[in-house]
Amino acid sequence: MKYLGINEDKLKNLGAIHTASEIQQQPDVWLKIFHLVKENADGIKEFMNEAIKNSNEIILTGAGTSAFIGMCLTGDYKRNTNVSVQAIATTDLVTHPKSYFSKQKNVLLVSFARSGNSPESCAAVELAEKFAAKAYHLVITCNEKGNLLNSCSNPLQYNIVLPEETNDVSLAMTSSFTGMLLTGLLVSRISNLENEWENVKTLIEYGNKILDDYIEDLNKVAQLDFKRAVFLGSGPQIGTATESHLKVQELTDGEVICKSDSFLGLRHGPKAVINPFTLIVSLFSNDPHALKYENDLMESLEKGQKAMYQIGVIESKGISERLKGSIDLKIVLSKDSGNIDEEYLAICNVLPAQILGTLKSIERGLQPDSPSSSGAISRVVEGVTIYPL
């Protein structure tokens, strides 16, 4: 059996078997999640209808990678609920709860958590209960045994526990990120879930396309001596770019320093990080309006300091042919015009960074399943004290 093009026994020796297999399994996991949400659609719809009807705002929350899920979903929840929506990390809610919760407002707190054991997860739920007028809780987690489900549940709470495969064994979140992101997206569209199958089916096709056709190309990129990596996205893919930068940085134990930004935001100072040792990965939108701005940025990168190498993740051949600037590797998901909603690109377009981070980790002589040689980072954060307020 091979994962990411590498024999299973070799991956075990490299300390990469969990990371590689958890990346490889994602399209299959997405199918399971669609059926899981479909089977529970009535209960989810009933809860969401009540929560949205009675809430003044929605807060999408989590810590680290789980927080970036909210960044991807903010726009979709705003459009589908007509309620004010913010993506706020639990790490911010815990230190400054009065800045985000109010006794004059009811809140729907949507918590994303792989293990549910991060200290901030339960603390955020408890602070919402204390400082909001009324709090509804939607918990999307990969671990049915986590504290978030078993130690801090509330009467106005609905839990969605994802398939066991999403509870990544590896330090790096891969299946858990895309699995919770897909679940959150389907929940935001729960009133018309029957219309989402075509999007999910195409998402699975795109994921398999990356895993089947671009492993060798990404492995060649991983052999390059880049010291920095910059990930760019717009709209829902800003969250994906942010997760992508964390994935490569943590899997390489910080040996590759990474940054993420929007295509427009890069112009306002951050562009200074680009040098001849920089890899740029651009996650292109399929929205014609956004694409104009993204294309302008690509053209501007031709001037001044050049990067070592550029990757573009592009939905369709048509978009690929219209892009300006020098892109060394084009990861094209569809030979046709492409027909997926942009929010779904935020899910599959993290795969190149997951793959690249894993292969670069191996190239650097690290163990992707536990890449932190100093123990500075761990699967579940340690050493956090929650103080009473």
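Read the figures in this text as sums done on the coordinates, not as results from a lab. Here the structure is a predicted model, which means the values were calculated and not measured. Glycine gets a Cβ as well: all are built from the backbone with ideal geometry, and neighbour counts include every protein chain shown.
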How much length would be gained if the chain were fully extended between residue 92 and residue 154, taking 0.36 nm per residue of separation minus their Cα-Cα distance, in nm to one decimal? 20.2 nm
Choice from 26, 104, 367 with maximal GNM fluctuation in the chain (Cα, 10 Å cutoff): 104
Explain nothing, just the number: relative contact order of segment 40-194, from Cα pairs under 8 Å at least 6 residues apart, as a whole percent. 24
At residue 272 and residue 192, where each label point lies 7 Å from the Cα along Cα→Cβ, what is the point-to-point distance in nanometres? 4.5
For 278, 174, which order do you get if you count the other beta carbons within 10 Å of each Cβ and list the fewest first? 278, 174
Compute the FRET efficiency between residue 201 and residue 9 as 1/(1 + (r/R0)^6), taking r as their Cβ-Cβ distance and R0 = 35 Å, and round to the nearest 0.05. 0.55
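Please give the FRET efficiency for residue 257 paired with residue 103, using the beta carbon to beta carbon distance and R0 = 41 Å, rounded to the nearest 0.05.
Details: r = 43 Å, r/R0 = 1.04.
Calculated transfer efficiency: 0.45.
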With +1 on the Cβ of every Lys and Arg and -1 on the Cβ of every Asp and Glu, and nothing else charged, how large is the dipole of segment 200-269 about its Cα centre, in debye rounded to the nearest 20? 320
Label point distance in nm, residue 49-residue 326, each placed 7 Å from Cα along Cα→Cβ: 5.8
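So which GluC sites (Glu not before Pro) in segment 284-389 pass both tests, a DSSP loop state and at most 12 other Cβ atoms within 10 Å of the Cβ?
Of the GluC sites (Glu not before Pro), the ones in loops of segment 284-389 whose Cβ has at most 12 other Cβ atoms within 10 Å are 302, 382.
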Lone Cys, the chain, Cβ cut-off 4.7 Å -> 72, 142, 258, 348
Too long at a 24 Å Cα-Cα cut-off: which of 45/201; 53/134; 227/330; 292/360; 103/145? 292/360; 103/145
Relative to the first principal axis of the alpha-carbon coordinates of the chain, what is the inclination of helix 351-363, with its axis defined by its Cα atoms, in degrees from 0 to 90 and to the nearest 10? 60
Counting other beta carbons within 10 Å of each residue's own, what order do 19, 202, 95 fall into, fewest first? 95, 202, 19
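Quick one: pull the percentage of alpha-carbon pairs in the chain with a separation above 41 Å. Walk me through the numbers before you get to the answer.
On the way: 7712 of 75466 pairs.
Result for the distance tail: 10 percent.
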Is the shape of segment 200-363 best called rounded, prolate or oblate, per the rule: a/c under 1.5 gives rounded, else a/b larger than b/c gives prolate, else oblate, with a ≥ b ≥ c the square roots of the Cα gyration tensor eigenvalues? oblate
Compare the peptides 228-239, 254-265 by average per-residue count of other Cβ atoms within 10 angstrom and give them in order, highest first. 228-239, 254-265
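Of the DSSP beta bridges with both residues in the chain, give the percent that are antiparallel, rounding to the nearest 5.
Around 5 percent of the beta bridges assigned by DSSP in the chain are antiparallel ones.
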Under the rule of at least 5 residues apart or a separate chain, name every residue whose amide H is placed under 5 Å from the amide H of residue 84. 58
Computed lengthening from residue 164 to residue 299, 0.36 nm per intervening residue step minus Cα-Cα distance: 44.2 nm
Any chance you could give the angle, 0 to 90 degrees and rounded to 10, that helix 41-54 forms with the longest Cα principal axis of the chain? 70
Calculate how many DSSP beta bridges within segment 200-363 are antiparallel, expressed in % of all such bridges and rounded to the nearest 5. 0
